[in-house]
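See below for the structure under consideration.
Throughout, read-outs are computed from the coordinates displayed, never taken from laboratory work. All of these numbers come straight from a predicted model, not from anything done at the bench. Virtual Cβ from ideal backbone geometry, glycine too; neighbours counted across all protein chains shown.
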Amino acid sequence: MDLDLVFFGTSGSVPTAQRAPSALLVRRGGERLLFDCGEGTQRQLLRSTVGLIELREVFLSHFHADHYLGLPGMLKTFALRGREVPLDVYGPPGVRELFSTLRRVFGKLTYALDVVELEAGDVLERDGYNLVTFPVAHGVQSLGFALVEHPRPGRFDVSASDALGVPPGPERGLLQAGESVQLGDGRVVTPDEVLGEPRPGRKVVLSGDTAPSPTVLEAARGAEVLVHEATFLEEERERARETAHSTALEAAEIAREAEVGLLALTHLSNRYFGPEVAREARTIFPETVVPKDFDVIDVPFPERGTPQLVKGGVRHRREEQVPETEVVP
């Protein structure tokens, strides 16, 4: 089962020439989950090899404008295209009231829109994984999200299966799926006789906007990937405190203590370009990356390797590259 993270918006409160406001697409198998939808997200999708797919679920971490302003326009575009597939939008308490107001903007839709309020600690049970919400420290109703896969069956022991007389074919498939089978001579073979120890699934944690928080630390323990905001560097720690954001060093401290596999820093202030943010975090947590828009992080199963950053993984190659120059206020 493939799992990856596609970064469509990695800027802080305002867009820059190189970075759009917050938007992250999680792809697991055939599922597509969008977390936050900052200004211009639909255009980012169209500029990528992903395209403006008919998303079925969107998750909002909180209601600061840089995390949801792209959604009304996207909803309207879906309607103009004659969409019929229902769409669910999840968010903290207050999301229903927000969408009651936004309906004046996007008007009548051609599809069903269901708005769902989530509390910290809610668990959405899915096929093969749970989506767990947790509180963060941002001064307003805000949620973080953890995608936690279920444990997988252990490896199939072919030699043990041969010794027990299980013939190649459907019986072995049933045993791998965790079901007992009856052989032709009447004997019953159980999965534990031919499977190794259960193997853990993967965990990906998205902090959303937050100051350093013990709840993020606990949610992130042992995660393959922690996507954590790093709006500021240590030189702006006081500013980070005032605005309930984190510095790169603080995010790295969370990652180190939580023993995550890879730290991805996002939500950068337009003061920074990225390399300086990575340098600061790597002083205490070397396994840190600072994705740009259109970068991808592949998250393989642990036995198949470690998470890897794929630069420009969904960028249209024919698109002209804009020089990396920005005006720093």
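Quick notes on this structure:
- Whichever lysines have a C-alpha closer than 16 Å to that of Lys311, once near sequence neighbours (fewer than 8 apart) are set aside: Lys292
- ³J(HN,Hα) computed for each position of segment 57-64 - Karplus, 6.51 cos²θ - 1.76 cosθ + 1.60, integer Hz, glycine/proline x: 9, 10, 10, 9, 6, 6, 10, 6
- Take every DSSP beta bridge whose two residues both sit in the chain; close to 65 percent of them are antiparallel.
- Label-point separation in nm, Glu218 to Leu124, each point 7 Å along Cα→Cβ: 2.2 nm
- Positive-end residue, the chain charge dipole about Cα centroid, Cβ charges, pick of Val95, Gly208, Asn130: Val95
- Solvent-free Debye scattering, log10 I(q)/I(0), computed from the Cα coordinates of segment 109-206 at q = 0.20, 0.21 Å⁻¹: -0.95, -1.01
- Assigned charges on the beta-carbon of Lys, Arg, Asp, Glu; the chain dipole about Cα centre (debye): 1160 debye
- Using θ = phi - 60° in the Karplus curve 6.51 cos²θ - 1.76 cosθ + 1.60, the 3J(HN,Hα) couplings for segment 266-277 round to 9, 6, 7, 4, 6, 5, 10, 9, x, x, 5, 5 Hz; x is entered for Gly and Pro.
- Across segment 96-224, the mean sequence separation of Cα contacts (distance under 8 Å, 6 or more residues apart), normalised by length, yields a relative contact order of 26 percent.
- When the Cα positions of Val116, Ala160, Val314 are compared along the charge dipole of the chain, Val314 comes out farthest toward the positive end, with charges on each C-beta of Lys, Arg, Asp and Glu.
- Helix-only CD estimate at 222 nm, as mean residue ellipticity for the chain, using -39500 (n - 2.57) per DSSP H run (n ≥ 4): -6000 deg cm²/dmol
- Relative contact order %, the chain, counting alpha carbon pairs below 8 Å whose residues are six or more apart: 17 percent
- Volume of the Cα convex hull of the chain, divided per residue and given in Å³: 162 Å³
- Residues of segment 192-216 with amide N under 19 Å of a point placed 7 Å along Cα→Cβ from Glu259: 198-205, 214-216
- Measuring r between the beta carbons of Ser180 and Arg304 and using R0 = 35 Å, the FRET efficiency lands at 0.75.
- Relative contact order of segment 1-48, pairs being alpha-carbon contacts under 8 Å that are 6 or more residues apart, as %: 34 percent
- For the chain, modelled as a GNM whose springs connect Cα atoms under 10 angstrom apart, the maximal fluctuation among Phe145, Phe294, Phe99 occurs at Phe99.
- Taking label points 7 Å from Cα along the Cα-to-Cβ direction, Arg282 and Ser100 give a separation of 5.0 nm.
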